[in-house]
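Everything below concerns the one structure shown next.
Just so it is clear, none of the values below were taken in a lab; they were calculated from the coordinates. Being a predicted model, the structure only gives us computed values, none of them experimental. FYI the Cβ positions are ideal-geometry reconstructions off the backbone, even for glycines, and counts take in every protein chain you see.
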Amino acid sequence: MPMLRNIKVWNTDEIIDVKVPLAADALVEGVRSGTDGFDDVEIDATGLTLAPGFADPHVHFRDPGQTYKESMVSGCAASASGGYTDVLIMPNTVPAMDGEPVTDPEAPGAREVLGVGRTDVIDFLQHYATDHDVTLPVRYDLCVCASKGRAGREATELERWRRHMPGVDDQAKDADQLAHPVTAISDDGSAVTPETIDDVFALAKASGLTLIEHCEHHDTGAVNDGPVSRALGVPGIPEDTELKIVERDIAKARETGVHVHFQHVSTAISFDAIRAAKAEGLPITCETAPHYLSLSDEALLKYGTLAKMNPPLRSEADRKATCEAVADGTVDLLATDHAPHTMAEKELGFLDAPNGIIGLECAYGVCHATLVDGGYISDERLIELMSVAPMRLMGHEATDVTALLDRETDASREPDAKRVLDLGAVKDTDGIGLVVLDTAAAWTVDPEAFHSKARNTPFGGWDVTGRPLATIIGGAMVFSRL
Ligand SMILES: [Zn+2]
């Protein structure tokens, strides 16, 4: 099995060797793709870093219902290629992931669910690999809708999906159900509506799950309101549209004690409100995404609709405020909001093109170039923001590499002898998720090389630094470009 010599443990100065079996269906790229020799190879990993695997609590895999954009297979492959070991799938599937039985076989996406004998989207996604006889290279959790059909008229019913939560009726669950629990609530794509807000907070309280909130209340506009929107002649989205939901939900968190996590925060005024709420000790966390750190609305002039997303890219001052909010700890974690669309859809113009970009396969490079090379945070902190912190949001613990070494390496070895971690000999590998990083690699983003089905990214051709080289899950390497 491959042996990685002289790799550095991410948050220490320790240099170790790691022996890691290749997973049966591993995706192997680069010089070793298609070769038989990978199994016994020794790799000089000097200068590389072993870290806990990345986790993304904000991805859209479009399965069921829109698999022409992305499927579970392509979305999971994109995750592994980006160094991710764990993702949280958002509920705006078709039909929506609201726990309701799918009854109308003619409804969009219904045949995909009913065709494999499943009755609702949660069950469908939990049993995806088994039902479709495929290997999905990453672990995933599910996020249930806040409202039925994500329509914002009626909150979802806890009794419909409570059994899918971790720790609830675990004895009655099969292995697939145990592996892919419902760990959060969200109507991502839109904010919880005024009609449902009391019921949704009650739902979050009763379930104990985090409410993940997409903070926008507007229903008009396509890009950030400002000089760029005026130059383009496209209706603008005012900056305070985000703040209004942030403030409303902070008040509700104060009143109910429910943990609210704000997605992709994009404005300085929202960060100020979140900073104050955190100082008050309220159960508030937030994320931002690579594009809000690296692009302002000026990017619309260069990349067109490949820079159209919700919330919209904001002003340069907001972009800098977002980087500063990462530096001062206001931002708890980084998420991609990986949102696949076809290029034909993206060519519909500013008014009609769907919102969002894909992000999994270049997130680390873009964030590293912006935040670490930009002097905002350290290499270690970036890894923490992409692994330890998002895992915590999903209710999991990231792999503690040092604790794993302490447990699995020979305590009676010579003092100062290099430790060797043999993942092939580890008995309980369930919780293990690791990534091999080249924190200094300079590379150019090539969307044609992505494993995602989609190509909608403004980062094509960008020169970035920092690249995931291998992804290890459950003690085996599922992806390698070593
Ligand atoms: Zn989203």
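Tabulated values for the structure
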quantity	calculated
Residues Lys173, Lys8, sorted so that the one with the fewest Cβ neighbours within 10 Å comes first	Lys173, Lys8
Length released on extending from Asp25 to Trp462, taking residue separation times 0.36 nm less the Cα-Cα span	154.3 nm
Estimated dipole of the stretch 54-398 in Debye, rounded to 20 [Cβ of Lys and Arg +1, of Asp and Glu -1, Cα centre]	240 debye
Length gained when the stretch Asp416-Ala202 is fully extended (0.36 nm per residue, less Cα-Cα span)	71.5 nm
Tail beyond 18 Å, pair distance distribution of the stretch 327-482 (Cα, percent)	67 percent
Order by protection proxy (mean Cβ within 10 Å, highest first), peptides 414-423, 179-188	179-188, 414-423
Furthest towards positive pole of dipole, Thr342, Val372, Pro312, structure part the stretch 54-398, Cβ charges	Val372
Unsatisfied cross-links (Cα-Cα over 32 Å) in the set Lys278/Lys320; Lys148/Lys244; Lys8/Lys427; Lys8/Lys278; Lys148/Lys308; Lys244/Lys453	Lys8/Lys278; Lys244/Lys453
Label-to-label distance, nm, for residues given as Ala425 and Thr402 (7 Å Cα→Cβ offset)	2.3 nm
Assigned charges on the beta-carbon of Lys, Arg, Asp, Glu; the stretch 120-254 dipole about Cα centre (debye)	220 debye
Simple label model, 7 Å out from Cα along Cβ direction - Val168 to Glu324, nm	4.2 nm
Top positive-direction residue, dipole computed over the chain with Cβ charges, set Ala442, Ala51, Gly475	Ala442
Two-site label geometry, Asp44 and Glu106: point separation in nm, points 7 Å out along Cα→Cβ	6.7 nm
Residues of the stretch 300-322 with amide N under 13 Å of a point placed 7 Å along Cα→Cβ from Ala344	none
Descending semi-axes in whole angstrom, ellipsoid equivalent of the chain, from the Cα gyration tensor	34, 27, 23
